[in-house]
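A.B. asks: After the structure tokens below, expect a handful of questions from me.
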Amino acid sequence: MARATSPSVRRPWIATAVQGWRHEIALSVATFVVLSVAWLIVPWGPYVILVAAGIVAWQRPDLRTRFQRNAQARQATLRLQAAFWVCMVIGRTGAIPTIARVDVTSVGRTYLVRLPAGLHFEVMEANAPELAAALGVRQLQVRPVAENASYVTITEILVDPLPANLCSGLTAAERVDLWRPIAFGVADDGHVIQLGLPEHNVLIGGEPGSGKSVALSQIIAAAALDPSVRVTLFDGKQVELAMWSAVAERFIGPDQEAAVHALEELRTEMDARYASLLEVRQRKITRETGGGLHVIVIDELAFYLRGGKKDLRDQFAELLRDLVSRGRAAGFIVVAATQKPSHEVVPTWIRDLFAFRLAMRCSSSDASDTILGQGWAKQGFSAAAIDPSKRGVGYLLAEGGVPVLLKTPYLSDEEIEVIASRAQKLRVR
């Protein structure tokens with residue numbers, strides 16, 4: 001943690017304080033100058049200016065709102081700068097970090113902060129608990145800016161970012177375009193997390209009651225509300241996905257032989273799509289090339305990979321591997337979920353083919369790493385640490401990124417029935 005230890009380090013604090021209040025000082029000086037000049041011209045000049053300013057503010061509510069928003073942002077900036085001084089977060093020259101931008105979020109504020117010489121991300125991250133205490137907030141998150149190492153983002157969290165009930169926007173959506181990113185959940189810093197499903201596969205794991213069906217429903221609902229998307233459902237329990245069966249081309253229950261046959265048909269379809277792409281000299285299915293997206297959802301992956309006859313298990317595993325590894329460019333999106341995240345159910349050669357991985361509440365850090373990847377639990381991203389009472393909460397890992405704690409919206413049975421009925425009507429037109 002950076003500390004002031006010499007007079008040379010303490011010396012610039014006055015200049016830094018003036019720098020922090022520069023907008024207020026400049027506005028005060030400008031106001032004084034304008035009113036003084038007006039008074040020199042005519043004694044009642046300042047009153048005219050004040051009345052005119054009042055009329056403009058009254059007639060322009062947008063200016064009032066902008067002024068109020070800027071004033072609140074300035075107040076928040078000064079609070080954070082004061083916290084930097086109290087916690088002695090300063091660089092080699094005694095300069096404190098400067099706030100480049102302030103954005104209001106659903107849980108608080110996010111600051112874009114430029115670090116002075118001598119400070120770096122790790123130092124700011126280590127100071128986060130002390131800064132949160134100085135500000136009197138619930139939590140403070142510090143994250144690096146990938147494009148520029150001299151900047152970090154500081155998120156001030158004032159309320160619980162993962163509420164008990166989070167409603168899905170799909171309940172009111174007339175239809176969805178699955179070629180566009182869909183809202184998948186809300187992160188612990190209040191930002192909406194979106195998933196771009198084309199050319200990506202999704203793996204979801206967690207213990208029973210962790211909320212896997214909640215996350216699955218959000219994806220299936222989005223796919224169902226796009227009438228151009230074909231849907232195939234595999235349900236090892238028969239009942240978890242049954243409410244969506246009316247919008248699915250295929251619905252396979254706990255029947256391994258039927259599941260293998262369905263995957264063989266999907267592979268044949270995939271090969272036919274690649275043959276069509278070869279004819280038109282295209283490398284992948286797009287909105288323009290046509291062909292459409294095909295979403296394949298597999299719930300209770302353990303049933304198909306670990307149960308029943310060995311030859312059927314092996315066939316299913318090989319067909320699934322082929323579909324996940326080659327299907328992306330052909331417009332196939334595989335979404336698989338399991339309540340037994342172990343290496344026997346989700347071997348690394350399958351897991352690593354999924355671009356998006358969601359680890360919901362797990363019984364152990366090893367189970368969490370089975371979904372996210374080896375080593376994430378040791379870095380502090382363990383789904384075993386998630387509060388069991390927070391259903392629908394998990395760590396989402398996107399390709400090349402860092403796991404993000406989020407909560408997925410909840411869809412009740414009644415809401416699923418309404419969405420499924422709406423999607424069915426879209427598909428018969």
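A.B. asks: Give the residue, chosen from L266, L233, that is in a helix (DSSP H, G or I), at pLDDT 90 or above and under 22 Å from T338 (Cβ atoms).
C.D. replies: L266
A.B. asks: Next question, about the same structure. Is it the case that some residue within the stretch 293-301 is assigned to a loop (DSSP other than H, G, I, E, B) and either within 22 Å of E257 (Cα to Cα) or among the acidic types (D, E) (or both)? First the steps, then the outcome.
C.D. replies: Narrowing the stretch 293-301 to residues assigned to a loop (DSSP other than H, G, I, E, B): 293, 300.
Narrowing the set further to residues that are either within 22 Å of E257 (Cα to Cα) or among the acidic types (D, E) (or both) leaves 300.
The answer is yes, given that some residue of the stretch 293-301 is assigned to a loop (DSSP other than H, G, I, E, B) and either within 22 Å of E257 (Cα to Cα) or among the acidic types (D, E) (or both).
A.B. asks: Among what's in the stretch 198-211 and is farther than 13 Å from G185 by Cβ and surrounded by 24 or more Cβ atoms within 10 Å (Cβ to Cβ), pick the residue that is nearest to the chain's Cα centre (by Cα).
C.D. replies: First, pick out the residues of the stretch 198-211 that are farther than 13 Å from G185 by Cβ: 198-201, 203, 205-210.
Now narrow it down to the ones that are surrounded by 24 or more Cβ atoms within 10 Å (Cβ to Cβ): 203, 205-206, 210.
Values: L203: 16, G205: 18, G206: 19, S210: 19 Å.
Per the criteria, the residue is L203.
A.B. asks: Sticking with this structure for a sec: Being among the hydrophobic types (A, V, I, L, M, F, W, C), in contact with a strand residue (DSSP E or B) (Cβ under 7 Å, 6 or more places away or on another chain) and in a loop (DSSP other than H, G, I, E, B) is the filter here; which residues of the stretch 139-158 pass it?
C.D. replies: V145, L158
A.B. asks: Moving on to the next point. Please determine whether any residue of the stretch 214-221 is at pLDDT 85 or above, assigned to a helix (DSSP H, G or I), of a type in the set (S, T, N, Q) and within 23 Å of R357 (Cα to Cα).
C.D. replies: yes
A.B. asks: Any residue at all in the stretch 367-375 that's surrounded by fewer than 17 Cβ atoms within 10 Å (Cβ to Cβ), assigned by TED's automatic domain parsing to the domain that holds A221 and at pLDDT below 90?
C.D. replies: For the stretch 367-375, residues surrounded by fewer than 17 Cβ atoms within 10 Å (Cβ to Cβ), assigned by TED's automatic domain parsing to the domain that holds A221 and at pLDDT below 90: present.
A.B. asks: While we're looking at this one, here's another question. Please work out if L406 is at negative phi, buried (at least 21 other Cβ atoms within 10 Å of the Cβ) and at pLDDT below 90.
C.D. replies: It is false that L406 is at negative phi, buried (at least 21 other Cβ atoms within 10 Å of the Cβ) and at pLDDT below 90.
A.B. asks: Taking the condition assigned by TED's automatic domain parsing to the domain that holds P347, assigned to a helix (DSSP H, G or I) and within 33 Å of the chain's Cα centre (by Cα), does R273 pass?
C.D. replies: yes
A.B. asks: Go through T110, T93 for me and flag whichever is surrounded by 12 or more Cβ atoms within 10 Å (Cβ to Cβ) and touching a Ser or Thr at 6+ places or on another chain (Cβ under 7 Å).
C.D. replies: Within the list T110, T93, the selection yields T110.
A.B. asks: Let me ask something else. Anything in the stretch 311-334 that is within 25 Å of the chain's Cα centre (by Cα) and of a type in the set (F, W, Y)? List them, or say none.
C.D. replies: Within the stretch 311-334, F332 is the sole residue that qualifies.
A.B. asks: If you don't mind, there's one more thing I want to ask. If you go through the stretch 57-66 one residue at a time, do you hit one that is of a type in the set (A, V, I, L, M, F, W, C) and either modelled with pLDDT of 75 or more or outside the structural domain of G108 (by TED's automatic domain parsing) (or both)?
C.D. replies: Taking every residue of the stretch 57-66 in turn, at least one turns out to be of a type in the set (A, V, I, L, M, F, W, C) and either modelled with pLDDT of 75 or more or outside the structural domain of G108 (by TED's automatic domain parsing) (or both).
A.B. asks: Name the residue, out of A132, A117, that is surrounded by fewer than 16 Cβ atoms within 10 Å (Cβ to Cβ), modelled with pLDDT of 85 or more and over 22 Å from V402 (Cα atoms). If you could, list the steps in order and put the result at the bottom.
C.D. replies: Numbers: A132 fails: surrounded by fewer than 16 Cβ atoms within 10 Å (Cβ to Cβ).
Selected residue: A117, the only one of A132, A117 that is surrounded by fewer than 16 Cβ atoms within 10 Å (Cβ to Cβ), modelled with pLDDT of 85 or more and over 22 Å from V402 (Cα atoms).
A.B. asks: Separate question: With respect to F303, is the statement that it is in contact with a Pro (Cβ under 8 Å, 6 or more places away or on another chain), buried (at least 22 other Cβ atoms within 10 Å of the Cβ) and in contact (Cβ under 8 Å) with a residue 40 or more places away in the chain true?
C.D. replies: On the way: in contact with a Pro (Cβ under 8 Å, 6 or more places away or on another chain): yes; buried (at least 22 other Cβ atoms within 10 Å of the Cβ): yes; in contact (Cβ under 8 Å) with a residue 40 or more places away in the chain: yes.
So F303 fits the description; yes.
A.B. asks: Could you grab the pairs with beta carbons closer than 9 Å, sequence gap of 6+ or different chains, first residue in the stretch 265-291 and surrounded by 13 or more Cβ atoms within 10 Å (Cβ to Cβ), second one among the aromatic types (F, W, Y)?
C.D. replies: L266/F332; E269/F332; M270/F332; R273/F332; I285/F332; T286/W179; R287/W179
A.B. asks: Before we move on, is R69 at pLDDT 75 or above and surrounded by fewer than 16 Cβ atoms within 10 Å (Cβ to Cβ)?
C.D. replies: Numbers: at pLDDT 75 or above: no; surrounded by fewer than 16 Cβ atoms within 10 Å (Cβ to Cβ): yes.
Answer is no for this residue.
A.B. asks: Residues L241, L233, L216: which one is crowded, with 22+ Cβ neighbours inside 10 Å, free of Cβ contacts under 8 Å to residues at least 60 places away in the same chain and of a type in the set (A, V, I, L, M)?
C.D. replies: Answer to the check: L241.
A.B. asks: Give the residues of the stretch 135-171 that are hydrophobic (A, V, I, L, M, F, W, C), surrounded by fewer than 16 Cβ atoms within 10 Å (Cβ to Cβ) and farther than 19 Å from R79 by Cα, sorted by residue number.
C.D. replies: Answer for the stretch 135-171, where residues must be hydrophobic (A, V, I, L, M, F, W, C), surrounded by fewer than 16 Cβ atoms within 10 Å (Cβ to Cβ) and farther than 19 Å from R79 by Cα: V145, A146, A149, A164, C167.
The values are calculated or read from the model by the stated rules, or taken from the named source; none is laboratory data. Because the structure is a prediction, the values reported are computed rather than measured. Cβ: placed from backbone, ideal geometry, glycine included. Neighbour counts: every protein chain shown.
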